[in-house]
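Below is one structure, written out as structure tokens; comments come after it.
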Amino acid sequence: FWAGCGAPPSPAVQGYVEGEFVYVSSPVAGTLQALSVQRGVRVGAGDPLFALDNVPEKAARDQAAQQLAQARATLDDLKKGRRPSEIQSAQAQLNQAQAALALAGQELARQEKLAAVPGGAARQDLDRARSTQDQDSQRVAQLQADLQTAQTGSREDQIAAAAAAVRALQAALDRADWDLSQKSQTAPAAGLVFDTLYRPGEWVAAGRPVVALLPPANVKVRAFVAEARVGAIHPGDPVRVTLDGAPQALAGKVSFISPQAEYT
């Protein structure tokens, strides 16, 4: 009878609060120049946390920008023809060659008429006139081709190579911009600055965390449940969490059940 009047077993289990910290670091090494937060303060998403010395990255970015500008200027120059003065010079040379060709044609016609008259002209004079006309004709064809080349600009393969160089240098500039932007880090989410791991003036290696941030959503309660009860608990079940020194209980839910047993 006395055993039947015992109190029912308590549904409460013991546990402890733990935080899943977000360690904010920079993928680029450098000297810590500015630390914008201190331990214990709360920050919002996007608030500045720290900044590293960015002189080398800024210089690399400026160099990449100048190289890209040079490559773009080269590409624009290849797409254009020659300068107007150069085209005018080529046109003038063509006009001279055409005038010489016309004169050579007249001289050839004269020599052919003289050759038709017995004793009127020597055979070598006729051959010389024909050779001069042929040379002037080839000269005109050459200058016409040069003028057309001057007006159309560079070859397509040269333009394609210059365009590829512009794209490569644009990618290098994007990488330099990214490296420069990584020298200053902001809070990825709102939360509590749990700890700062470096002081201004110290060298920070690439990937080493500078600020340990604790967002509210990353605060968990780890509790230990007896084997006889754990089978009745499922992810998503509501729970009430009571804390020492807190007047009211907090509402929560089960987010994870370990697949491995643990003795405690």
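The values are calculated or read from the model by the stated rules, or taken from the named source; none is laboratory data. All values reported here derive from a predicted model rather than from experimental measurement. Neighbour counts run over all protein chains shown; Cβ positions are idealised from the backbone, glycine included. These area figures cover heavy atoms from the full protein model, side chains too; ligands, DNA and RNA do not enter into them. Shrake-Rupley method; radii C 1.70, N 1.55, O 1.52, S 1.80 Å.
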Notebook entry, point to check: Within region 232-246, is even one residue touching a residue at least 40 places away in the same chain (Cβ under 8 Å) and charged (D, E, K, R)?
Noted result: no
Next item on the list: Could you grab the pairs with beta carbons closer than 6 Å, sequence gap of 6+ or different chains, first residue in region 57-75 and in contact (Cβ under 8 Å) with a residue 24 or more places away in the chain, second one open to solvent by 60 Å² or more (accessible area, probe 1.4 Å)?
Entry: none
Next item on the list: Kindly indicate the residue of region 186-223 that is more than 21 Å from residue 17 (Cα to Cα) and small (Gly, Ala, Ser) and also least open to solvent (accessible area, probe 1.4 Å) among those meeting that condition.
Entry: 187
Next item on the list: Please note which strands (runs of 3 or more DSSP E) are completely contained in region 212-258 and include at least 3 residues that are within 28 Å of residue 39 (Cβ to Cβ) and not acidic (Asp, Glu).
Entry: 219-223
Check: Taking residue 92, is it farther than 27 Å from residue 181 by Cβ and in contact with an Asp or Glu (Cβ under 7 Å, 6 or more places away or on another chain)?
Finding: no
